[in-house]
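The structure appears below as structure tokens.
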Amino acid sequence: MQIRFYFCVIALVVCASANAGDWPAFRGPQGNGVAAGSGYATEWTKEKNVKWRVELSEPGNGSPIVSHDRIFLSSADEDGHQRSLICFERESGKQLWTQSVKFGEDITHRQNPFGSATPVSDGKHVVVWHGSAGLYCYDFSGKELWSRKLGTFKHIWGYGSSPVIYQDKVILHCGPGERVFLTAIELSTGKTLWEKDEVYQGDKKPNDIGSWSTPVVARVDGADQIIHSTATRVNGYNPKTGEVIWWCEGVSGSRYDAVSSSPLIANGVCVVMADLRGPAFGFKIGGQGDITESNRLWLNKRNPSSVGTGIFSGKYVYRPNSNPGTLECLDATTGKKAWAARAASGNYWSSMVLADGNLYATTQKGTTVVFKPNPEKLEEVSRNDLEETCNSTPAFSDSQIFIRTYEALYCIGQ
């Protein structure tokens, strides 16, 4: 099925030296989960179509990224006292270097180990967020270029939003914590360009509030905007100043004000899924100020829990649900469910990827379901079980798939 964009989703990583086949950020080069190229495997096991497998010393939910001939992965020891960025050689999986930082006492959830954010690269720099331990920038040899302590971000569910690169800026959602804000930091120097606080105005307790969503960049009303899901609403920001241009209410739920997945944008529509059985809604993107009444198309108040981000294809959204563990297809303009099905045992925390006409969704038990973007039914292609816990999103690059489980990093290729 052809993907049609009413407006462009802007590449998050903009650099002349970046390879066309790179997967340099969370959910790929455009932040929409769509992979370039063809020839990706649709069948594998722990032995079949595995080019290499490298053991990892610690579990983590951060996803791998691919830039040039390098793979980068965040990690941490079990109690979070040491947080690391690891660099691997793409061809062999050989570990080339590790850069670690020390930190004191911290908290997280057992299903969200420290090392939960995905790094980002522009082909020369690689940036990783270690939560309260800070934001760090390295070159490809592992030399630290700069670092920033941005505050303390403690929550019973940990941290998880990933940095993105837009032009010369690192864009980062800093939260959850006592202070929550979106910031732009100069990539070359680490200097803060702007910060915009998101002041919570709801009625939930601190442990029931939070955004773990990663921002996306899109072209809206003729200009680039940063689109981000906060704990209660979706905001559109001016990337030059941090000004909130518009907002749409709908994330806040009856028990929790929480969102984990990123906004899905295409065909002039944005679809947002709250977490923990909260709302889902769609709205026409753009405008000024509060666009809730004028632009919101639909609101479903109670939905399956949503950790991983889905895929926009045509007029439909395909989403992986974390509880119950189903795959689902929705009409993006009405919110009407086209179908829902349980394809494999286990819940989905990994975000979906669309590659070479197939959708890939990985369960927490390590089974990747491959299926067609068919709004009529679940058209399953294959199920592929690595038999290891997996909460991260695969990286797709030049006909190879890189999967991070709690035990190992895999390179899958036909």
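Only the coordinates and a few stated rules stand behind these numbers; no lab work does. Predicted, not measured: the structure shown is a model, and the values here were computed from it. No Cβ is skipped: glycine too gets one built from the backbone with ideal geometry, and neighbour counts run over all protein chains shown.
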Between segment 23-37 and segment 361-412, what's the alpha-carbon centroid distance in Å? 15 Å
Within 10 Å of each candidate Cβ there may be at most 15 other Cβ atoms; applying that plus a DSSP loop requirement, which GluC sites (Glu not before Pro) in segment 76-108 survive? E78, E91, E105
In range of the label at I156: residues from segment 170-205 whose backbone nitrogen is under 17 Å from the point 7 Å along Cα→Cβ: 176-178, 203-205
In nanometres, the difference between 0.36 nm per residue of separation and the alpha-carbon distance of S57 and L145 is 29.1 nm
Between L297 and residues 5 or more places away or on another chain, which pairs have amide H atoms under 5 Å apart, with H built 1.01 Å from N, and which residues are they? G282, F283, K284
If you filter segment 39-69 for GluC sites (Glu not before Pro), then keep DSSP loop positions with at most 14 other Cβ within 10 Å, what is left? E43, E47
For F396, F140, what ranking results if the residue with the fewest other Cβ atoms within 10 Å of its Cβ goes first? F140, F396
Distance (nanometres) between label positions extended 7 Å along Cα→Cβ at R255 and A36: 4.4 nm
Specify which labelled value, from (1) 30, 55, 14, 0; (2) 30, 63, 7; (3) 27, 55, 17, 0, agrees with P(r) over Cα pairs in 20 Å bins from 0, in percent derived from the coordinates of the model shown. (2)
Taking amide hydrogens as modeled 1.01 Å from N in the peptide plane, which residues meet the under 5 Å criterion relative to W339, leaving out close sequence neighbours? C329
Between the modelled labels at S100 and W339 (7 Å from Cα along Cα→Cβ) the distance in nm is 4.8 nm
By how many nm would the segment from E91 to E387 grow when fully extended, if each residue of separation counts as 0.36 nm and the alpha-carbon distance is taken off? 104.2 nm
Taking the convex hull of Cα positions in segment 255-414, its mean projected area over all directions (nm²): 9.9 nm²
Taking R0 as 22 Å and r as the Cβ-Cβ distance between D290 and D197, the FRET efficiency 1/(1 + (r/R0)^6), rounded to the nearest 0.05, comes to 0.75
Which residues in segment 251-292 place their backbone N less than 14 Å from a point set 7 Å from the Cα of K205 along the Cα-to-Cβ direction? 255-257
So what are the ³J(HN,Hα) numbers for segment 131-146, from phi and the Karplus equation (6.51, -1.76, 1.60; θ = phi - 60°), rounded to whole Hz, Gly and Pro as x? x, 4, 6, x, 9, 10, 10, 10, 8, 6, 8, x, 6, 6, 9, 6
Would you order W129, W97, W146, W44 from fewest to most other beta-carbon atoms within 10 Å of each residue's own beta-carbon? W97, W146, W44, W129
Given a 10 angstrom Cα cut-off, can you work out which residue in A35, A344, A223 is the most mobile in a GNM of the chain? A223
Which of these, R110, R148, R83, has the largest mean-square fluctuation under a Gaussian network model of the chain (Cα springs below 10 Å)? R110
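Expressed in nm to one decimal, what extension gain is obtained for the pair E379 and K46 from 0.36 nm per residue of sequence separation less their Cα-Cα distance?
Numbers: separation 333, 0.36 × 333 = 119.88 nm, distance 2.41 nm.
Stretched out fully, the E379 to K46 stretch lengthens by 117.5 nm.
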Counting only C-alpha contacts under 8 Å and six or more residues apart, can you give the relative contact order of the chain as a whole percent? 17 percent
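Considering only Cα-Cα distances, which of the following residue pairs are longer than 30 Å: K154/K191; K154/K365; K143/K169; K102/K169; K149/K301; K102/K191? If you can, show how the numbers build up before the last one.
Values: K154/K191 24 Å; K154/K365 27 Å; K143/K169 20 Å; K102/K169 26 Å; K149/K301 37 Å; K102/K191 22 Å.
Distance filter (> 30 Å) returns K149/K301.
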Length-normalised contact order of segment 333-414, Cα under 8 Å, at least 6 apart, in percent, tallies to 22 percent
What are the ³J(HN,Hα) values, in whole Hz, obtained from phi via the Karplus relation 6.51 cos²θ - 1.76 cosθ + 1.60 with θ = phi - 60°, for each residue of segment 400-410 in sequence order, with x given for Gly and Pro? 10, 10, 10, 10, 9, 9, 5, 9, 7, 10, 10
Dividing the helical contributions, -39500 (n - 2.57) per DSSP H run of n ≥ 4, by the residues of the chain yields a 222 nm value, nearest 500 deg cm²/dmol, of 0 deg cm²/dmol
